[in-house]
Every structure is written in C-alpha cells, then in structure tokens.
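First the structure, in the form of structure tokens, and then the observations on it.
The values are calculated or read from the model by the stated rules, or taken from the named source; none is laboratory data. As the structure is a computational prediction, the values presented were derived from the model and not from experiment. In this analysis, Cβ positions are derived from the backbone assuming ideal geometry, glycine residues included, and neighbour counts consider all displayed protein chains. The area values use the complete protein model at the heavy-atom level, side chains included, leaving out ligands, DNA and RNA. Shrake-Rupley method; radii C 1.70, N 1.55, O 1.52, S 1.80 Å.
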Amino acid sequence: NTELYQVANKFFWGSIIAAFLESDKPPVNASEDNGKIEYYLDTPIIMGLLDLSTPEKEHYSKELKETIKAAEGVMRVHPITLEEIKSILLSVEQHGANPFSDIAIAKDNHKLTVTDLASTRLNLETNVEKIGISILPQIRPEEIDVIKKKYRGTERVKALAMQRSRGIESYTRDGFREIHDIFMDDFIK
C-alpha cells in the first residue's frame, strides 16, 4: 500500500531526525597523535550539503559539516563518490526522479529544473570544493573504470545488490551503486 508506506516512511525518518536533533551534540575530538582527522563523506551527506535531499537530511548534513569544522577535522570525498552522485543526477535528468526519493523532494522544494541538475552535475567538483570538501585521492576517470571492472560481479557486490533489490529498482543498472559502497568500505579500511 503506497500511501501507508509513505506515512510509515515519514514517521520512521522523522523519529530518527527528531532523536538526533534532541540529543546532545557528540563531542568530536582530535586524533590521539594530534593530527587532523580526515572524514570521507558519503553520497547522502554530500547530496544534503548541495541541497539535493530532504530538508531534514540537508539540515543534518550541514550540522555534521559544522561539527567536523569545529573539531578541526578535514572533510574529504573520494572521486568515486562524486561519480556516484553524477550517476544519480544523470538518471534524474534522463528519467525523472523516483517519487519516493530524497532528490524528488529536493527538486520540488528547491524548484530544480533538469538544467539545474545538469549544471550541478557538470560543476560537481567545483561545487564540492566551494563548500570546503577536498577531493582525494586525485585519480583519472580511467582509474574509476578500472575500479568498476575490478569490483563488478564480485560476490560481495552481488550479495549487496541482492540484499537491496527487494523490488526497488536501483538508479544504476550496472551495479555501480553497490560497487561504490563495497569499494569505499575497502578504501576506508
């Protein structure tokens, strides 16, 4: 029942956001060796910082950014995460937004057009750097293709795709969403 799902989904996310907003802000300490801590931000946080999400997630993303800055942390994004964001934007440009998605809500709330989304996609690196996030490591597009080939079809990628699929169509048909998540897990480890 689509209508009941929407109501339950709003209650679920609303309770999570309300709990976060009502909680004390967790202290973020510098690293034990007094070096700067690097925080690799994932797709939903970057999308929130770029106003491409729900108001709650945009607010949470901006609070997280301020918390990291206050702790003198360094915000980073991996180029493969930017590639995932470009994939999402391109899919919305070409096929429209899934009505249940965060980006559909952002499109409505911010009155975003296909041209706005294309501009964001084409200027993504510049936009991300403007908000204080550095892109590391510096890799060429061919290297992203190598990563995709290396991870495509692996058991971990297949298992994650199977777990997620449950009747919900991914924005990628080539498994890139799962490739991104498995690769980033390995990268961070």
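Does residue 157 qualify as being in a helix (DSSP H, G or I), at pLDDT 95 or above and either within 18 Å of the chain's Cα centre (by Cα) or surrounded by 14 or more Cβ atoms within 10 Å (Cβ to Cβ) (or both)?
Working: in a helix (DSSP H, G or I): yes; at pLDDT 95 or above: no; either within 18 Å of the chain's Cα centre (by Cα) or surrounded by 14 or more Cβ atoms within 10 Å (Cβ to Cβ) (or both): yes.
Answer is no for this residue.
Evaluate the following for residue 139: is it open to solvent by less than 60 Å² (accessible area, probe 1.4 Å), in contact with a Leu (Cβ under 6 Å, 6 or more places away or on another chain) and among the hydrophobic types (A, V, I, L, M, F, W, C)? Walk me through how you get there before you give the answer.
Details: open to solvent by less than 60 Å² (accessible area, probe 1.4 Å): yes; in contact with a Leu (Cβ under 6 Å, 6 or more places away or on another chain): no; among the hydrophobic types (A, V, I, L, M, F, W, C): yes.
So residue 139 fails the test.
Confirm whether residue 56 is touching a strand residue (DSSP E or B) at 6+ places or on another chain (Cβ under 8 Å) and modelled with pLDDT of 90 or more.
no
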So in segment 66-76, with the set limited to residues that are part of a helix (DSSP H, G or I) and either modelled with pLDDT of 95 or more or not charged (D, E, K, R) (or both), which one is surrounded by the fewest Cβ atoms within 10 Å (Cβ to Cβ)?
70
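Identify the residue in segment 25-45 that is surrounded by 13 or more Cβ atoms within 10 Å (Cβ to Cβ) and either more than 22 Å from residue 99 (Cβ to Cβ) or more than 11 Å from the chain's Cα centre (by Cα) (or both) and, among all such residues, is modelled with the lowest pLDDT.
Quick first cut of segment 25-45, residues surrounded by 13 or more Cβ atoms within 10 Å (Cβ to Cβ) only: 28, 37-45.
Among the residues that remain, those that are also either more than 22 Å from residue 99 (Cβ to Cβ) or more than 11 Å from the chain's Cα centre (by Cα) (or both) are: 28, 37-42, 45.
On the way: 28: 54, 37: 89, 38: 91, 39: 93, 40: 94, 41: 95, 42: 94, 45: 96.
Restricting to residues being surrounded by 13 or more Cβ atoms within 10 Å (Cβ to Cβ) and either more than 22 Å from residue 99 (Cβ to Cβ) or more than 11 Å from the chain's Cα centre (by Cα) (or both), the top hit is 28.
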Under the condition of being within 17 Å of the chain's Cα centre (by Cα) and of a type in the set (Val, Ile, Thr), which residue from segment 83-118 is most open to solvent (accessible area, probe 1.4 Å)?
105
For segment 119-130, what are the residues that are touching a helix residue (DSSP H, G or I) at 6+ places or on another chain (Cβ under 8 Å) and either at pLDDT below 95 or exposed (fewer than 11 other Cβ atoms within 10 Å of the Cβ) (or both)?
none
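Are any of the residues in segment 9-24 modelled with pLDDT under 95 and either closer than 21 Å to residue 122 by Cα or assigned to a loop (DSSP other than H, G, I, E, B) (or both)?
There is at least one residue in segment 9-24 that is modelled with pLDDT under 95 and either closer than 21 Å to residue 122 by Cα or assigned to a loop (DSSP other than H, G, I, E, B) (or both).
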